[in-house]
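As C-alpha cells, the structure follows; a few thoughts come after it.
No lab work stands behind these numbers, since they all come straight from the coordinates. Only a predicted model underlies this, so the values are computations on that prediction, with no experimental measurement involved. Don't worry about glycine lacking a Cβ; one is built from the backbone with ideal geometry, like all the others, and counts go over all protein chains shown.
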Amino acid sequence: MAKNTKPLTSTEEWRTLEAHYRKIGGAHLRKLFAEDAKRGERMAVSALGIYFDYSKHRVTDETIRLLVKLAEAAGVRAAAEAMFRGEKINITEGRAVLHTALRAPKGSSILVDGENVVPRVHAVLDRMSDFARKVRDGSWVGHTGKPIRNIVNIGIGGSDLGPVMAYEALRHYSHRGLNFRFVSNIDGADFAEAVQDLNPKETLFIVASKTFTTLETMTNARTARDWALKVLKDPAAVAKHFVAVSTNAGEVSRFGIDTANMFGFWDWVGGRYSMFSAIGLSTMIAIGPDNFQAMLAGAREMDEHFLKAPFERNLPVLMGLLGLWYNNFFGAQTIAVLPYAQPLKRFPAYLQQLTMESNGKRVTVDGTAIDYQTGPVYWGEPGTNGQHSFYQLIHQGTKLIPCDFIVFSKDPNRLAVHHDLLVANVFAQAEALAFGKAEQELRREGVEDRLVPHKTFAGNRPSTTMLMDELTPSALGKLVALYEHSVFTQGAIWRVNPFDQWGVELGKVLAGRIGPELESETEPELAHDSSTNALIRRYRKNK
Ligand code: G6Q
C-alpha cells in the first residue's frame, strides 16, 4: 500500500473534493438531468453483462474525475495488485488475502511463502466435485444404506452467510430432490426447527468452520451428532453423516469426523470472503460442480475487470467511490441494498458482514485513530416488499439514504406478468427517489392545500440501478466479487485493514466469563457493572 504521509483529510485530493462538494452538493437531480439530455446514457457503464447506471447520483463528470483522482492518489491499483499477488496485506493477522486465488484458473501461479497455492485450490475443488456428484446421484449413502436427501450446513458468520445466500439465490439451479437447511445460531431453536422433520438416516451434516473451535458451530455440531446417533446408534455412522470444512484437521478428527471427509482451505481465506472455497460445499452440492465452476468464472471475470479497467469505467471502483462520496461528504450514515429479485433475499444480510465487518474500523492500518467516517451501515430487503414497509422513510424522511437497486432482465420462472411488474416497480422507485413530486405539480392536480406538504416528494435521493441479464451462477459470482472489490477500494482509501475483525473478540471473552455464572449451582460472586450483575441475577432467578 502507498505510504501516506499526510492525514487523509489534509490531502489535496480530499480538500478538492470538499470544495467541490460545497459547490455542487446541493444541486438537484432534476436540474442535472434537465441540463444534459444524454446524462442517463452517459453516466452508465456496461461491463460483464452488468448495466451500472449511476446517473441518478448527485455527481457531475467533475465529481467522478475528482473521486477517481482520490482513488489513484490512495494507491488503490497498487494495493489491489499486492492483494492479488499474495502479499501479506492483512498485517494485524500476518496473512495474505487471497480469496481471488479461489477462482484463479488452473495452471496459473500465485505464491504464498514461496509455494504456488493454485494447484491446492484445484485439488480441493476436484475432491468437492467428486463428493458433490456422489451425494447428488445418490451413490453416497448413509449408514443404513439409504441415500442422502437432506443436507444441513452448520456454520456461522462467514461459514454461514455466503452459503445460505448462494443457496437461496441459485435455488432455481438446485437439485430438487435434496433439502437444504442452514443452522448457525447458538439458540437451540435454530437446530431444533431445522431438523424437526428430518430423518437422521437420510441426513448429511456439513460442519463448516475454519477454526473448528467456534462456540456456536461446535455446540450445534455436537447436538447434531447426538441427534443422529440417537437413531443411528453406532458411532461409526458419523463417518457417513458428517463431513467437515475446515483448516483445522486436528480438531476435525477429535470431533470424530474422518479427515478423509474433510475439505480444507487456508488461512489466507477470510471467513467473509470464503463462499467460493470449500465453505461453498453446500452450494456445490445444491447446484452441481459445473454451475459452481460457472460461479467461480463469473467472480474471476470481475477480478480481471477490477485489475484492468480504467477507474472511471471500473465497476467496483465506481461503486466504492460513490458510497464514499455520500459517507464522507454528505454525512450519509447508511446504504440500502434493494434487490428486485426474491432469490437475493439473503444478499443484504450477506453484504452486511462483508461490508461492515471489513470496513467498520476506527484506526488506520498503522494504528492511528481516524477522524473521518469509515464504513457505513448496510441494510436492505428485496423489492417490492420493502416498498410496503420502510421506503416511506427513504422517500420522505429526513435522512439521505443512497440505494443500490439490483434487477435482472430475465425471469427463469418465465412468469412474464410478474416480472414486468417487478421491473416496473424498481424503475419507478429510482425515478421517484431522484425526481420526486414538486408542490406545483400537486397544486396543478388540485390537491388540497393542507395536504400539499404531505404529498410532496423532495426528490434528489440518489440510487444506482444495476440491471443484469439473469440471475445465473455466473451473475452471482460477478455480483459478489463486485461488492468485495468495492469494499477493498473503500478500505484502501480510508486506510483501514478490511481483513481483520478484532471488534468481535471482546463480546466472546465476556460471554465466556458470564456463561459459568449463569450455569453455576451456587450463587456466583459477580464483579460486573451493576446493570450486568442485576441482569444475571434476574435470569438465574427466572430460568
Ligand atoms: C469472518 C469472520 C467470522 C467467521 C465466523 C466463523 O470474516 O471471521 O464471521 O467466519 O466467526 O468462524 P469459523 O469458520 O472459524 O467457525
>> Filter segment 45-91 down to the residues that are closer than 22 Å to L17 by Cα and of a type in the set (K, R) and list them by number.
In response: K56, R58, R65, K69, R77
>> Go through segment 489-512 and report how many residues are more than 14 Å from the ligand (Cβ to nearest atom) and buried (at least 21 other Cβ atoms within 10 Å of the Cβ).
In response: 7
> In this structure, does L433 turn out to be within 17 Å of H395 (Cα to Cα) and in contact with a Cys (Cβ under 9 Å, 6 or more places away or on another chain)?
Replying inline: yes
>> Cβ contacts < 6 Å: first residue closer than 19 Å to F131 by Cα and in contact (Cβ under 8 Å) with a residue 12 or more places away in the chain, restricted to segment 194-219; second residue charged (D, E, K, R) and more than 12 Å from the ligand (Cβ to nearest atom), any location; separation 6+ or different chain. Result?
In response: K201/K146; E202/K146; E202/R149
>> I'd like the full set of residues that are closer than 11 Å to W227 by Cα and within 16 Å of the ligand (Cβ to nearest atom), limited to segment 189-204.
In response: F191
>> Step by step: first the residues of segment 269-321, then only those that are outside any helix (DSSP H, G or I) and either over 17 Å from the mean Cα position of the chain (by Cα) or not hydroxyl-bearing (S, T, Y) (or both), then the one that is farthest from Q501 (Cα to Cα). Which residue is that?
In response: G288
>> Given the criterion touching a strand residue (DSSP E or B) at 6+ places or on another chain (Cβ under 7 Å) and not hydroxyl-bearing (S, T, Y), identify the matching residue among R120, R149, R136.
In response: R149
> Pairs under 7 Å by beta carbon, first residue touching a residue at least 12 places away in the same chain (Cβ under 8 Å) in segment 116-142, partner loosely packed, with under 15 Cβ neighbours inside 10 Å and of a type outside the set (D, E), six or more apart or different chains?
Replying inline: V118/S108; V118/S109; H122/K106
>> Considering only segment 215-222, I want to know if a residue exists there that is among the hydrophobic types (A, V, I, L, M, F, W, C), closer than 30 Å to G477 by Cα, out of contact with any Pro (no Cβ under 9 Å at 6 or more places or on another chain) and away from the ligand (no atom under 15 Å from the Cβ).
In response: no
> Among the helices (runs of 4 or more DSSP H) contained in segment 1-74, which hold 1 or more residues that are of a type in the set (V, I, T)?
Replying inline: 12-24, 61-73
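Results for (1) in a helix (DSSP H, G or I); (2) under 17 Å from R136 (Cβ atoms), shown as yes or no for each residue.
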| residue | (1), (2) |
| --- | --- |
| G177 | no, yes |
| F182 | no, no |
| D190 | yes, no |
| D197 | no, no |
| L204 | no, yes |
| T211 | no, no |
>> Against the condition surrounded by fewer than 23 Cβ atoms within 10 Å (Cβ to Cβ) and β-branched (V, I, T), how does V231 come out, does it pass?
In response: yes
>> Residue under question is V152, and the condition is that it be out of contact with any Asp or Glu (no Cβ under 6 Å at 6 or more places or on another chain), within 16 Å of the ligand (Cβ to nearest atom) and part of a helix (DSSP H, G or I); does it hold?
In response: no
> Are there any pairs with C-beta distances below 9 angstrom linking a residue in segment 69-96 that is without any contact (Cβ under 8 Å) to a residue 24 or more places away in the chain to a residue that is among the hydroxyl-bearing types (S, T, Y) and part of a loop (DSSP other than H, G, I, E, B), with the two at least 6 apart or on different chains, and if so which?
Replying inline: none
>> Return the residues of segment 75-111 that are of a type in the set (A, V, I, L, M) and not in a loop (DSSP other than H, G, I, E, B); say none if nothing qualifies.
In response: V76, A78, A79, A80, A82, M83, A101, L102, L111
> In segment 378-431, how many are assigned to a strand (DSSP E or B) and among the small types (G, A, S)?
Replying inline: 0
> Failed condition for N261, given (1) more than 16 Å from the ligand (Cβ to nearest atom); (2) touching a residue at least 12 places away in the same chain (Cβ under 8 Å); (3) farther than 22 Å from D137 by Cβ, with all others met?
Replying inline: (3)
>> Quick check on my filter: what residues within segment 121-143 are of a type in the set (D, E, K, R) and surrounded by fewer than 19 Cβ atoms within 10 Å (Cβ to Cβ)?
In response: D126, R127, D130, R133, K134, D137
> Taking the stated definitions as given, is F347 within 14 Å of the chain's Cα centre (by Cα) and buried (at least 22 other Cβ atoms within 10 Å of the Cβ)?
Replying inline: yes
>> If I ask for residues that are touching a residue at least 24 places away in the same chain (Cβ under 8 Å) and more than 17 Å from I151 (Cβ to Cβ), which ones from segment 230-245 would you list?
In response: K230, V231, D234, A236
